[in-house]
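Below you'll find the structure, written out as structure tokens, and then a few comments.
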Amino acid sequence: MDRASQAPVIDIGIDEADRVAIAEGLSRLLADSYTLYLKTHNYHWNVVGPMFNTLHLMFEEQYTELALAVDQIAERIRALGEPAPGSYAEFAKLSSVSEEADRPDANEMIRRLVEGQEAVVRTARSVFPATEKAGDEASADLLTQRMQVHEKTAWMLRSLLA
């Protein structure tokens with residue numbers, strides 16, 4: 001390949017090894033977020049019972065927010081020069097959020113979504129050391145925003161079970 005067709009070297013003040021490490025962490029966050037998106041959308045479709053309307057609307061707000069978030073996470077991975085995972089197979093390998101095939105009742109849906117929200121927070125928090133080491137404020141800011149959203153959502157869901 002001639003020089004004119006090669007992509008320029010990424011020079012954003014973060015060395016390649018650090019960019020790769022951060023992108024790997026963000027890939028896990030993307031997989032967790034996408035799996036939680038799918039679970040939340042599934043529960044939106046299938047929730048029944050006396051809290052149907054409340055949960056149906058709440059789950060819709062949550063999966064809509066997650067749909068926007070996965071795009072932001074994937075774009076940050078790309079900005080770091082790495083490919084973003086984008087298949088169910090890749091997400092299954094990377095995600096710490098479990099996927100279930102059963103149809104739980106509304107309270108169990110809420111409990112499982114709390115677990116999923118908290119799993120995403122733990123994954124986001126685990127990436128911080130790499131961002132701090134590299135001085136990657138952009139990725140750290142994204143992680144902070146994601147943790148705030150997921151911690152608040154977990155709190156709101158837990159409140160329904162109190």
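The values are calculated or read from the model by the stated rules, or taken from the named source; none is laboratory data. It should be emphasised that the depicted structure is a prediction, and the values quoted were computed from it without experimental measurement. Every residue, glycine among them, receives a Cβ derived from its backbone with ideal geometry; neighbour counts consider all protein chains shown.
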For segment 117-145, which positions are of a type outside the set (A, V, I, L, M) and touching a His at 6+ places or on another chain (Cβ under 9 Å)? Q117, E118
For segment 90-138, give me each residue that is over 16 Å from H44 (Cβ atoms) and touching a Phe, Trp or Tyr at 6+ places or on another chain (Cβ under 7 Å). F91
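Within segment 113-159, which residues are of a type in the set (A, V, I, L, M, F, W, C), more than 23 Å from E24 (Cβ to Cβ) and crowded, with 17+ Cβ neighbours inside 10 Å?
Step one: list which residues in segment 113-159 are of a type in the set (A, V, I, L, M, F, W, C), which gives 113-114, 119-121, 124, 127-128, 130, 134, 138, 140, 142-143, 147, 149, 154-157.
Imposing the further condition that a residue be more than 23 Å from E24 (Cβ to Cβ) reduces the set to 113-114, 154-157.
Result: L113, V114, A154, L157.
State yes or no: is A101 more than 13 Å from the chain's Cα centre (by Cα), surrounded by fewer than 13 Cβ atoms within 10 Å (Cβ to Cβ) and farther than 20 Å from H150 by Cβ?
Yes; evaluated as a whole, the condition is true for this residue.
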List every residue pair whose Cβ atoms lie under 7 Å apart, where the two residues are 6 or more positions apart in sequence or sit on different chains, the first residue falls within segment 143-159 and is farther than 19 Å from P129 by Cα and touching a residue at least 40 places away in the same chain (Cβ under 8 Å), and the second residue, located anywhere, is of a type in the set (A, V, I, L, M) and surrounded by 15 or more Cβ atoms within 10 Å (Cβ to Cβ). A154/V114; L157/I110; L157/L113; L157/V114; R158/V114
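Here's the yes/no breakdown for (1) among the charged types (D, E, K, R); (2) touching a residue at least 12 places away in the same chain (Cβ under 8 Å); (3) touching a Lys or Arg at 6+ places or on another chain (Cβ under 8 Å):
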| position | (1), (2), (3) |
| --- | --- |
| V48 | no, yes, no |
| E60 | yes, yes, no |
| A67 | no, yes, no |
| Q72 | no, yes, no |
| R78 | yes, no, no |
| P85 | no, yes, no |
| K93 | yes, yes, no |
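Before we move on, is Y34 within 21 Å of L142 (Cα to Cα), crowded, with 21+ Cβ neighbours inside 10 Å, under 23 Å from the mean Cα position of the chain (by Cα) and modelled with pLDDT of 95 or more? Show your work before the answer.
Values: within 21 Å of L142 (Cα to Cα): yes; crowded, with 21+ Cβ neighbours inside 10 Å: yes; under 23 Å from the mean Cα position of the chain (by Cα): yes; modelled with pLDDT of 95 or more: yes.
Answer is yes for this residue.
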